[in-house]
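The values are calculated or read from the model by the stated rules, or taken from the named source; none is laboratory data. Because the structure is a prediction, the values reported are computed rather than measured. FYI the Cβ positions are ideal-geometry reconstructions off the backbone, even for glycines, and counts take in every protein chain you see. Ligands, DNA and RNA are excluded from the accessible area calculation, which covers all protein heavy atoms including side chains. Shrake-Rupley method; radii C 1.70, N 1.55, O 1.52, S 1.80 Å.
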Amino acid sequence: MSLASRLSEYVRACFTGIWIESHEHSDALTEIASLCRDENWQLACWDIEQGLVVAGTEGNSASADPLAAVRAASSLSIPDGTTLLVLQNFHRFLQSAEIVQAVAHQVVAGRQNRVILIILAPTVQLPVELEKQFVVFDHALPDRNQLAEIARGIATESGELPEGADLESVLDAAAGLTRMEAENAFSLALVRHGCVRSDTVWELKSNLLKTSGLVELHRGAATFGALGGLDALKAFCKRSLLQSDRSNPLKRPRGVLLLGVPGTGKSAFAKALGQETSRPTLILDVGALMGSLVGQTESNVRQALQLADAMSPCILFVDEIEKALSGVASSGQSDSGVSTRLFGTMLTWLNDHTSDVYFIATCNNIAQLPPEFSRAERFDGLFFLDLPTAEEKAAIWDLYLEQFQLDRDQRRPTDESWTGAEIRSCCRLAALLDIPLREAARNIVPVSVTAAESVDRLRQWSHGRCLSATQPGLYRWDGTSAASRRQVQRDASLN
């Protein structure tokens, strides 16, 4: 539903306090002004720079006093008519008790004089006194049809705008941008290449996402070919994504929760999946969403998830999610319930979102996760990534020997209970120090030794509860500790 349609409904229902969350004030004001012309409503706007401006009248009130702007609302009423007073960026002034009280009085009086108070701001920061008096909705980001219209308005000459699949890739790249950001991206592509291209849009989009600090766009080139092993996990995710029905929300994949030993390729898999399926990968750092102001954390979470929805189809990746959600149980005592509300917002989105967003979360310690997080229908599957098998390690050695330009014929070190990260570390040290692999291996202490007890507890918990990332079916553990096998092998090598 468009901004004008939703606003029209609320005004007709006599909602006298309306908060519109928008980063595009000029476009929002254009829609509001068009609605007022169609409905024969009076429009007045206030900002701290221009003061109070009433549409259709000459001049304006030069007063930059926000309290005076609210108090002037009653004088704007017209007989048998409706007036909309739009206050831009008014969240900056709601720390004043006088202003909050004046706004509360005007919202009540608006039912009599038909003056609708509209706060237009990029964030929602309602004081507790006004929470029950305002309805809040957002100015949605442009959809694909609107983005295509913007592109046609920028690329007006023949050959400047691609068609068919190339146009779809441009629209995929522009999804999640504001109208002004899309115009800038298309214009930059025209200046740089003489036509609208998706790579330029992706470049600008990546920089804009870094500026927001909510999510980061990963644009790596690694595919499954650069990731050894995990055959069952690769096949499951790739098939569910490539065969999904984008027109039917009920048939869209939801995502996977990856549980496993540190260094077994959970993060690398999530990043490679996007490249493998031609989807952008958004990295969400839950810790970075925490804000110092009341309500800021919840607002950041909502904005990040809305951005992911707007960029669909995409992959949303959260690394080591147990660290972000581990404080949920004690949230009421430690952070006034912020972690609990963050967790609740994320759970609701995981359960109810209909956008084509594939959610991947990694976890090293399942005991720190609330049990309701991993229930069915929030994820398509819970996979356990164990230490790689002998065949998988052979493939991983080949990958990194080639990557670091090392001799493949040299003797490899004993890699019992090594992870893929430790194999990479050995190859990197051998190339860095210009020494043989077996000598470089003396600097490697695998996580199965340094954290043997936690690794075994993780395997024991996953036995029969998680899907195996290596082969189809449930994960099974024989009960043998990796550290004990490594010790036996070392003792045998000394004889």
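Candidates are the residues of the stretch 193-211 that are within 20 Å of the chain's Cα centre (by Cα) and open to solvent by less than 60 Å² (accessible area, probe 1.4 Å); the one that is farthest from ALA155 (Cα to Cα) is LEU209. Return the pair list, or none, for Cβ contacts closer than 8 Å from residues in the stretch 169-197 that are without any contact (Cβ under 8 Å) to a residue 60 or more places away in the chain to residues that are of a type in the set (Lys, Arg) and open to solvent by 40 Å² or more (accessible area, probe 1.4 Å), at least 6 apart or on different chains. Listed pairs, sorted by first residue: VAL170/ARG197; LEU171/ARG144; ALA189/ARG197. Going through (1) within 30 Å of PRO388 (Cβ to Cβ); (2) surrounded by fewer than 19 Cβ atoms within 10 Å (Cβ to Cβ); (3) of a type outside the set (A, V, I, L, M) one by one, ASN184 falls short only on (1). Restricting attention to the stretch 89-113, the residues that are farther than 23 Å from ALA13 by Cα and either of a type in the set (Asp, Glu) or in contact with a Ser or Thr (Cβ under 7 Å, 6 or more places away or on another chain) (or both) total 2. Among the residues making up the stretch 420-475, those that are among the hydrophobic types (A, V, I, L, M, F, W, C), open to solvent by 60 Å² or more (accessible area, probe 1.4 Å) and assigned to a helix (DSSP H, G or I) are LEU432, LEU433, VAL449, TRP461.
Determine, yes or no, whether VAL86 is within 18 Å of ALA13 (Cβ to Cβ) and at pLDDT 90 or above. Judged against the criteria, VAL86 is not a match.
Regarding the stretch 109-128, can at least one residue be identified that is among the charged types (D, E, K, R) and crowded, with 18+ Cβ neighbours inside 10 Å? Yes, the conditions are met somewhere in the stretch 109-128. Taking the stretch 170-281 and the helices (runs of 4 or more DSSP H) fully enclosed by it, the elements with 3 or more residues that are farther than 30 Å from THR30 by Cα and of a type in the set (A, V, I, L, M) are at 231-242, 266-276.
Counting residues in the stretch 395-413 that are in contact (Cβ under 8 Å) with a residue 60 or more places away in the chain, surrounded by fewer than 19 Cβ atoms within 10 Å (Cβ to Cβ), of a type in the set (Gly, Ala, Ser) and assigned to a helix (DSSP H, G or I) gives one or more.
Total residues in the stretch 133-145 satisfying the condition of being under 25 Å from ILE118 (Cα atoms) and either free of Cβ contacts under 8 Å to residues at least 60 places away in the same chain or among the polar types (S, T, N, Q) (or both): the figure is 3. With respect to being in contact with a helix residue (DSSP H, G or I) (Cβ under 8 Å, 6 or more places away or on another chain) and part of a loop (DSSP other than H, G, I, E, B), THR480 falls outside the description. Just one residue in the set PHE343, PHE384 is at pLDDT 90 or above, of a type outside the set (A, V, I, L, M) and either under 26 Å from the mean Cα position of the chain (by Cα) or under 26 Å from SER22 (Cα atoms) (or both); that residue is PHE384.
Scanning the stretch 354-364 turns up no residue that is more than 26 Å from SER169 (Cβ to Cβ) and at pLDDT below 75. For the stretch 217-233, the count of residues that are of a type in the set (Lys, Arg) and modelled with pLDDT of 85 or more is zero.
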